[in-house]
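Below is one structure, written out as structure tokens; the observations come after it.
The values are calculated or read from the model by the stated rules, or taken from the named source; none is laboratory data. All of these numbers come straight from a predicted model, not from anything done at the bench. Glycine also receives a Cβ, built like all others from the backbone with ideal geometry; neighbour counts cover every protein chain displayed.
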Amino acid sequence: MPSSTSSFERLTAADRPGIAQPVPERPVPAKSWAGLLLLAAAGAALLVGLWEKHWRDYGTEPSYVNSKGLWAIQRRRIDAGEGDATVLLGASRVLFDVDLDTWERLSGRRPIQLALEGTSPMAFLEDLADDPKFTGRVLVGVAPDVFFSGFMYNGKALDYFRRESPSQRAGQWLSMHVLEPDLTFLDSDFALATVLHRQAWPLRPGMTANTRVRKLSIHAADRNTHMWRKVETDPDYQHMAQQIWIEDSDPPDAKARAEMDATAQKQVDRAIAAVAKLRARHVPVVFVRLPSGGQYLPIENRDFPRAATWDVLLARTGAPGIHFEDTPELQGYWLPEWSHLATRERPRFTEALYGIIARNGWLAPPH
């Protein structure tokens with residue numbers, strides 16, 4: 001007699017109530033896939049074209065992207081036989097204010113521009129100090145709120161240079177020769193994610209505004225940089241740029257003051273060690289405090305008082321320094337957003353700066 005467990009057929013999982021049955025294979029309709037691909041490409045091109053037109057109407061112009069790859073190209077010049085060149089280090093003021101064409105006309109050689117916006121030059125000064133191939137000269141820009149805080153907005157540039165792969169170099173070359181000369185929307189300030197981020201979203205309780213710095217500059221292939229004309233000609237954009245610099249600029253409390261002082265001391269110590277290594281190889285170093293103004297200058301002087309920062313830096317490194325407040329030739333220039341020179345001022349300013357350095361022999365070639 002059959003057992004109760006074998007007197008009926010067992011249900012499979014697919015046959016049980018509530019379990020979806022397998023979906024029969026659907027036939028793929030006959031389509032012109034080449035035509036669909038062409039249609040998709042045309043749609044993408046249309047959207048890209050509209051995005052490019054939008055930013056062109058906004059006032060943009062083609063510019064090389066100031067990427068880590070672009071920086072690495074300039075850094076490699078030292079290893080490729082220009083170890084005796086003049087190297088410019090610093091934050092965005094050195095990048096904006098020093099005109100490479102003027103410097104080359106006066107000195108006979110084009111300097112290597114290694115300044116990076118929003119980034120302390122200390123790691124890069126240390127890199128040159130540790131590189132025996134470098135035997136040239138160094139101009140170091142000192143923007144107090146960046147230099148003495150050790151802030152490193154673009155701090156990964158050095159690691160990128162050391163680890164850059166062949167494919168990354170090829171991508172950089174293709175971007176510079178195929179895309180960047182003609183497309184303006186490649187600038188990170190015009191990326192869709194950036195545009196969405198800077199919308200006027202409501203702040204949660206306890207949050208404060210922290211506006212990202214907007215586009216300010218135009219870059220050449222060798223990082224010769226000047227101010228974007230919209231900053232100079234558009235009063236609303238200019239005002240916005242000014243307000244970003246002074247946003248959240250309340251005086252530091254006692255705890256923050258102590259931390260800032262300790263950090264500034266660490267940066268000075270790093271500079272002492274780097275300058276000593278360079279001096280041992282007869283490499284001259286000069287520090288330069290480039291101009292700032294408007295409502296921004298009093299904030300810099302309050303947060304990083306000269307007696308506790310700049311004066312200490314020069315005294316302890318033994319290196320010469322040029323401070324714009326001490327130097328009439330470096331005063332009276334137009335700084336549209338209080339922190340960088342207008343484009344038209346760069347050649348005259350660079351000529352004045354170079355003249356001061358040359359008269360004192362501070363960056364003279366070693367004997």
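Is there a residue in region 38-56 that is under 30 Å from residue 188 (Cβ atoms), at pLDDT 90 or above and touching a helix residue (DSSP H, G or I) at 6+ places or on another chain (Cβ under 6 Å)? Looking through region 38-56, at least one residue is under 30 Å from residue 188 (Cβ atoms), at pLDDT 90 or above and touching a helix residue (DSSP H, G or I) at 6+ places or on another chain (Cβ under 6 Å).
Could you check, for region 278-295, whether at least one of its residues is in a helix (DSSP H, G or I), touching a residue at least 40 places away in the same chain (Cβ under 8 Å), surrounded by 15 or more Cβ atoms within 10 Å (Cβ to Cβ) and within 25 Å of the chain's Cα centre (by Cα)? So far as region 278-295 goes, no, none of its residues is in a helix (DSSP H, G or I), touching a residue at least 40 places away in the same chain (Cβ under 8 Å), surrounded by 15 or more Cβ atoms within 10 Å (Cβ to Cβ) and within 25 Å of the chain's Cα centre (by Cα). Among the conditions (1) under 21 Å from residue 321 (Cβ atoms); (2) free of Cβ contacts under 8 Å to residues at least 40 places away in the same chain; (3) among the small types (Gly, Ala, Ser), residue 155 misses just one, which is (1). Selection within region 345-362: residues that are in contact (Cβ under 8 Å) with a residue 12 or more places away in the chain and among the small types (Gly, Ala, Ser). The member of this set that is nearest to residue 289 (Cα to Cα) is 352.
If you check residue 271 against the conditions, is it surrounded by 12 or more Cβ atoms within 10 Å (Cβ to Cβ) and under 20 Å from the mean Cα position of the chain (by Cα)? Spelling it out, it is not the case that residue 271 is surrounded by 12 or more Cβ atoms within 10 Å (Cβ to Cβ) and under 20 Å from the mean Cα position of the chain (by Cα).
For region 53-75, a residue qualifies if it is small (Gly, Ala, Ser) and in a loop (DSSP other than H, G, I, E, B), and the qualifying residues are 59, 63, 67.
Residues in region 303-344 that are more than 30 Å from residue 282 (Cα to Cα), touching a residue at least 40 places away in the same chain (Cβ under 8 Å) and part of a helix (DSSP H, G or I): 2 in all.
Quick check on region 195-249: of everything there that is among the β-branched types (Val, Ile, Thr) and part of a loop (DSSP other than H, G, I, E, B), which residue is modelled with the lowest pLDDT? Among them, the one singled out is 208. Number of residues in region 2-37 that are at pLDDT below 60 and on the phi < 0 side of the Ramachandran plot equals 18.
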